[in-house]
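Chemist: So that we are looking at the same thing, I have put the structure below in structure tokens.
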Amino acid sequence: MSRSKVTPIKRPITSWEKAPLIMDTEYAALLLGLYPDTLRRMAKRGDVPAKRVGQKLWKFEKNALMAWAGVKEQA
């Protein structure tokens, strides 16, 4: 019995320094250490700064999210 080769999962960059200016829910949740569904609920309630795109999609701006999370910008 032969085993197939396992390919490691490529994970996105998860540091604030290298994060894109605009993030989707999954990426922002990864940075914040939240489940994407939790972040969506928070965005819907207005608990976290986010912009709604269409009916179901949320986008998060890096600087607004950093300020909300209390992350200081790196020099």
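Chemist: So how do 25, 14, 38 rank on accessible area, 1.4 Å probe, biggest first, that is with the largest at the start? Could the numbers behind the result be given before it?
Modeler: Working: 25 5, 14 80, 38 40 Å².
Ranked list, largest accessible area first: 14, 38, 25.
Chemist: Would you mind working out the accessible area per residue for region 18-69, using a 1.4 Å probe, and quoting it in Å²? If you can, show how the numbers build up before the last one.
Modeler: Details: 3390 Å² over 52 residues.
Solvent-accessible surface per residue comes out at 65 Å².
The values are calculated or read from the model by the stated rules, or taken from the named source; none is laboratory data. Please read these numbers as outputs of a predicted model, since none were measured by experiment. Just so you know, the surface numbers come from the protein's heavy atoms only, side chains and all, with ligands and any DNA or RNA stripped out. Shrake-Rupley method; radii C 1.70, N 1.55, O 1.52, S 1.80 Å.
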